[in-house]
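The values are calculated or read from the model by the stated rules, or taken from the named source; none is laboratory data. All values reported here derive from a predicted model rather than from experimental measurement. Cβ placement follows ideal geometry from the backbone for every residue including glycine, while neighbour counts extend to all protein chains displayed.
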Amino acid sequence: MTHHARPSPIPPGTDPGRQVAQLREALRLVERIAGREGAGHEVGLDEAARISDAYDRALPIARRRFEAVAAETSAWAALGVEALLAAAPSKTPRAAAERLARSLERALDQMSRLLDR
């Protein structure tokens, strides 16, 4: 019996560093809505390069786990940002934005740790 690896949820050729950079951009937007300052753009570029390099060196199982977390995070982050942007400007949901920002930070930290092993 042969065992075939499950197809990756991220298409081949997709740059994991780019995914992280896009999530960082979403985080910066959410932080602005929450009324707080975020990390600079340069930090995100350094992180993206480090993630891409670590992904290339990671074991296949770590890559698959990273891809799963990245796909799941991208999905709920997009929905969260959409909901925040749809809120009336006078009723900016700062508490919700703060919670989404913390969740994004935790997910990005998790993604980084998955490849640092």
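Kindly establish whether Ala78 is in contact with a Lys or Arg (Cβ under 8 Å, 6 or more places away or on another chain) and under 14 Å from Glu25 (Cα atoms). Criteria not met by Ala78.
Identify, please: which residue in the stretch 79-88 is loosely packed, with under 13 Cβ neighbours inside 10 Å and of a type in the set (A, V, I, L, M) and is, among those, farthest from Arg102 (Cα to Cα)? Per the criteria, the residue is Ala88. Arg106 satisfies every condition listed in (1) farther than 16 Å from Val20 by Cβ; (2) out of contact with any helix residue (DSSP H, G or I) (no Cβ under 9 Å at 6 or more places or on another chain) except (1). Quick check on this structure: which one of Glu37, Glu72 is closer than 30 Å to Lys91 by Cα, exposed (fewer than 13 other Cβ atoms within 10 Å of the Cβ), of a type outside the set (A, V, I, L, M) and at pLDDT 95 or above? Answer to the check: Glu72.
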